[in-house]
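Below is one structure, written out as structure tokens; comments come after it.
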Amino acid sequence: MARSTARTAAMQMIFEKLSGGEGSEETLRMIYEELMGDQSPYAKAQATDEPEDAEPKWNKSFREDHAWILNALSGVLEHLDDIDAEINRCSRGWTVERMPRVDLTILRLATWEILYENDPHVPAPVAINEALEIAAKYSDPDSGRFINGVLGSINRAKEAREA
């Protein structure tokens with residue numbers, strides 16, 4: 001599965017968890033099934049003669065993305081106060097309390113990637129671009145400019161601290 005699909009699933013899991021939902025394994029499976037359509041390993045396993053409670057035959061790529069999503073979810077939750085403080089600092093005229101929940105969730109995930117994810121193959125511009133693609137699909141048409149500005153500011157502040 002492409003990392004962009006994993007990011008979308010992570011965003012949805014974070015949104016659910018921070019909205020009071022369980023963010024359970026069952027929820028993750030349902031999200032994957034929706035995002036992957038008929039290509040979902042979960043849907044394919046359910047279409048066979050396997051017992052209903054059998055674990056899907058996930059391939060290596062799916063397991064890696066599954067682990068990444070859970071890592072992103074726990075990372076955002078673990079660093080939530082610091083992430084929100086950074087978003088507040090870098091968003092002029094807005095606080096996290098006033099932001100649309102979908103935009104805030106996208107910002108939280110991308111901020112976690114920029115500040116805490118240690119994948120050298122995913123530089124900040126990639127995380128920002130992916131956030132904009134998610135926003136284009138799930139948020140208001142004008143949200144992309146706002147999200148891009150906040151994430152760009154967060155990335156520049158990080159680069160300045162590291163210099």
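Kirkwood analysis of the stretch 79-163, using all unique Cα-Cα pairs, places the hydrodynamic radius at 12.7 Å.
Given Cβ point charges of +1 (Lys, Arg) and -1 (Asp, Glu) and nothing else, what value in debye, to the nearest 20, does the dipole of the stretch 79-163 about its Cα centre take?
Once rounded to the nearest 20, the dipole reads 300 debye.
Across the stretch 141-156, computed HN-Hα scalar couplings (Karplus, 6.51 cos²θ - 1.76 cosθ + 1.60, θ = phi - 60°) run x, 7, 5, x, 5, 5, 4, 4, x, 5, 5, x, 5, 4, 5, 5 Hz from first to last residue, x flagging Gly and Pro.
Couplings 3J(HN,Hα) of the stretch 131-139, computed from phi: 4, 5, 5, 5, 4, 4, 8, 10, 10 Hz, in residue order, whole Hz [Karplus 6.51 cos²θ - 1.76 cosθ + 1.60, θ = phi - 60°; x for Gly and Pro].
Where a number appears in this text, it was derived from the coordinates with a stated rule and is not lab data. As the structure is a computational prediction, the values presented were derived from the model and not from experiment. Backbone-built Cβ (ideal geometry, glycine too); neighbour counts: all protein chains shown.
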